[in-house]
Amino acid sequence: MWHWLFTTGLLQTILAYLATAGFGVLLNIPRRAVNLSGWVGAAGWLTYEVLYQVLPTTIDVKLAIGNLVAAIVIGVASGLAAHYKQMPMIIFNIPSLVPLVPGGQSYRVVRNLVTGHPEIANQYLAQVVIIAGVIAIGFLVAEFINRMTWHLAASLKQL
Amino acid sequence: MTEPKLLMQTTLLAGAILLENGAEIARVEDTMHRIATNAGYPDAQIFVLLTGITVSLPETDASQVRAIHQRGMDLEKVDQVNTLSRQFANQTIDLKQFAEALARVNQAVPTFPFSWLVIAALVVSVTLMVAFTGHATPTDLITCGLAGMVGFAAYYWVNRLAHIRFLSEFVGAFLIGLITLIGSYLTQNNYHPDAIIIGAVMPLVPGVAITNAVRDTMTGNLLSGPARAIEAILSACAIGLGIALTSIFY
């Protein structure tokens with residue numbers, strides 16, 4: 001596990017950082033947010049990869065739990081980043097999702113349907129539905145955590 | 001109390017910029033409601049759909065509509081509207097200055113030059129190919145980078161020149177498929193066309209749109225969420241068909 005973390009894990013984190021920063025440029029986020037949103041994306045993808053390695057279940061369950069926790073990490077991290085940089089959260093959480101989001105699967109659904117492999121298309125369609133739903137739920141949980149944190153911080157200040 | 005007509009137009013413009021550049025419905029409604037409240041109309045009624053916005057001020061018997069025809073992704077504009085809305089809330093700018101600043105946001109905002117975008121598309125394609133599939137032979141890396149750049153450039157220019165939705169995705173995907181196909185004839189072994197294609201389509205693919213569709217539906221926007229989903233499905237179809245056209249020749 002530790003060996004994995006310092007070889008593949010490190011490489012995957014760097015790749016996710018570059019991918020998120022690149023996607024941020026494609027979405028035209030403000031320049032001063034590119035670096036930070038790259039790190040948010042790297043944190044999310046590392047969470048997903050570690051869970052994918054550790055969990056002893058079937059692929060669909062791995063996808064669901066991995067994406068759920070990764071989305072929560074991204075949501076909380078981008079809440080903090082948004083607070084720190086005084087920018088809307090959407091600037092950090094949309095680019096950070098790019099490694100997780102079911103874009104590749106959605107294209108594979110159509111491609112397999114057209115080339116005559118409906119069973120494979122069905123598998124990928126299931127993945128699209130699972131991942132999209134789970135990410136949306138993860139963001140709701142992250143929103144809840146963020147609000148609780150601000151609430152706590154505000155009441156601590158009053159003491 | 002400020003002038004209701006100017007207020008309604010400003011609120012609508014702010015909402016339209018947010019909606020056209022990738023914000024979720026809940027965020028658009030929230031920002032518009034804040035602007036109206038800060039201008040002295042806390043019970044303004046705001047109704048946001050994916051294709052149009054309505055604002056109505058019950059006290060003055062007035063309402064205005066704005067249709068939304070194009071949706072893209074430009075988070076710099078979202079940030080600018082957010083900043084202006086905060087300044088308006090702090091009363092560092094008044095309504096008139098706010099309206100003028102919004103009109104400027106909508107016309108010209110500093111964007112990354114085209115060369116940066118193409119390099120970003122290359123980075124996204126290559127890194128995600130390696131992250132997803134683990135294939136990293138030199139031919140894979142070069143072909144994927146090339147396909148990602150050409151695919152995105154075609155997508156960008158068709159969008160700019162022709163304004164035809166879904167055609168840009170189709171052309172981009174078709175070129176990606178074509179480059180991968182040519183690569184497979186030029187090289188003999190250590191070549192993974194599936195990995196190359198999955199990396200190269202990543203800048204075009206509607207993953208964020210699908211997730212936003214689910215998020216909008218979950219916040220109770222039962223019309224806008226599914227509408228977004230249909231938009232995402234159409235662009236996934238365009239990309240899938242573009243690739244499938246070339247994959248017959250393997």
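Answer rounded, prolate or oblate for segment B:4-107, using the Cα gyration tensor with square roots of eigenvalues a ≥ b ≥ c: rounded when a/c is under 1.5, else prolate when a/b is larger than b/c, else oblate. Here segment B:4-107 falls in the oblate category.
The modelled label-to-label distance for the pair B:Ile93/B:Thr51, using points 7 Å beyond Cα in the direction of Cβ, is 3.2 nm. At 7 Å along the Cα-to-beta-carbon direction for both A:Thr7 and A:Leu140, put a label point, then send me their distance in nm to one decimal. That separation, rounded to one decimal, is 4.1 nm. Using just its DSSP H runs of length 4 or more, each adding -39500 (n - 2.57), chain B gives a mean residue ellipticity at 222 nm of -22500 deg cm²/dmol after division by all residues.
Label point of B:Thr137 set 7 angstrom out along Cα-Cβ; within segment B:179-193, amide nitrogens under 16 Å from it belong to B:180-193. Among B:Ile239, A:Ile14, sorting on how many other beta-carbon atoms sit within 10 Å of each Cβ, with the fewest leading, yields A:Ile14, B:Ile239. Against chain B, whose longest principal axis is taken from its Cα atoms, helix B:207-218 shows a tilt of about 40°.
Structure remark: mean-square fluctuation, Gaussian network model of chain B, C-alpha springs under 10 Å; the largest value among B:Asn159, B:Asn189, B:Asn221 belongs to B:Asn189.
Taking other C-beta atoms within 10 angstrom as a stand-in for reagent exposure, B:Ile230, B:Ile176, B:Ile210 fall in the order B:Ile230, B:Ile210, B:Ile176, fewest first.
Quick one: putting +1 on the C-beta of Lys and Arg, -1 on the C-beta of Asp and Glu, what dipole do you get for segment B:4-107 around its Cα centre, in Debye to the nearest 20? Once rounded to the nearest 20, the dipole reads 180 debye. Each of B:Ser168, A:Ser37 has some number of other Cβ atoms within 10 Å of its Cβ, and from fewest to most they run B:Ser168, A:Ser37. Between helix B:75-89 and chain B there is an angle of about 20 degrees, using the helix long axis and the longest principal axis of the Cα atoms.
Among beta bridges identified by DSSP and lying wholly in the protein assembly as shown, the antiparallel ones come to about 100 percent. Taking each residue as 0.36 nm, the span from A:Ala154 to A:Val54 lengthens on full extension beyond its C-alpha to C-alpha distance by 32.3 nm. Specify the inter-centroid distance of segment A:1-73 and segment B:73-102, based on alpha-carbon positions, in whole Å. For segment A:1-73 versus segment B:73-102, the Cα centre distance is 33 Å. Here's the picture: charge each Lys and Arg Cβ at +1 and each Asp and Glu Cβ at -1 in chain B, and of B:Asn106, B:Gly72, B:Leu245 the one pushed furthest to the positive end of that dipole is B:Leu245.
With 5 Å bins beginning at zero, the pair-distance distribution over Cα atoms of segment B:44-166 amounts to 2, 8, 11, 13, 16, 12, 10, 9, 7, 5, 3, 2, 1, 0 %.
Distance between the pseudo-spin-label points of B:Ile119 and B:Tyr250 (7 Å out from Cα toward the beta carbon): 3.3 nm.
Relative to the longest principal axis of the Cα atoms of chain B, the long axis of helix B:25-38 makes an angle of roughly 30 degrees. Once you reduce segment B:214-245 and segment B:133-193 to the center of their Cα atoms, the two points are 23 Å from each other.
Read-outs throughout are calculated quantities, based only on the coordinates presented, and are distinct from any laboratory measurement. Because the structure is a prediction, the values reported are computed rather than measured. Don't worry about glycine lacking a Cβ; one is built from the backbone with ideal geometry, like all the others, and counts go over all protein chains shown.
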